[in-house]
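S.K.: Attaching a single structure in structure tokens format; questions to follow.
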Amino acid sequence: MSPLEVIGLLLIVCGVILILVALLLPRRRFGDYSVGGIILVGPIPIIFGKNIKTSLLIVLIVVSLMMMLFMAVLMGVWK
């Protein structure tokens, strides 16, 4: 397996584990929930959220992920 295949497999496993942990955690009945998400259409992110704080957090995460992807391309991880 190439390093990219291993990284992809690890990301899938981490995603499944996060979903299972979220399902097993007790749910809060009352409180202020903050939801948001991102849809990537090619290189263009569409970001939505319930409030500005959540949206800004998502923007920060997306920008950091895109910078890591750009650095990986520059370093020659993907040829």
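Please treat every number below as a calculation from the coordinates, not as lab data. Please read all numbers here as calculations on a predicted model, not as lab measurements. Cβ atoms come from the backbone with ideal geometry, glycine included; neighbour counts cover every protein chain shown.
S.K.: Is there a quick way to get the dipole size of the chain? I mean about its Cα centre, with the Cβ of Lys and Arg at +1 and of Asp and Glu at -1; what is the value in debye to the nearest 20?
M.R.: Roughly 320 debye for the chain.
S.K.: Going by alpha carbons, how many degrees (0 to 90, nearest 10) lie between the helix axis of 52-75 and the longest principal axis of the chain?
M.R.: Orientation of helix 52-75: about 10 degrees from the principal axis.
S.K.: Still on this structure: Could you tell me the extents of the stretch 37-79's C-alpha atoms along the three principal axes, largest first, rounded to whole Å?
M.R.: 39, 18, 9
S.K.: Sticking with this structure for a sec: Can you give me the angle between helix 3-24 and the longest principal axis of the chain, using Cα atoms only, in degrees from 0 to 90, rounded to the nearest 10?
M.R.: It is inclined by approximately 10 degrees.
S.K.: Still on this model: If you count, for each residue, the other Cβ atoms within 10 Å and average over each peptide, how do 53-60, 7-14, 18-25 line up from highest to lowest?
M.R.: Top to bottom by mean Cβ count within 10 Å: 53-60, 7-14, 18-25.
S.K.: Please label the shape of the chain as rounded, prolate or oblate, based on the square roots a ≥ b ≥ c of the eigenvalues of the alpha-carbon gyration tensor (a/c under 1.5 means rounded; beyond that, a/b larger than b/c means prolate, else oblate).
M.R.: In terms of gyration-tensor shape, oblate.
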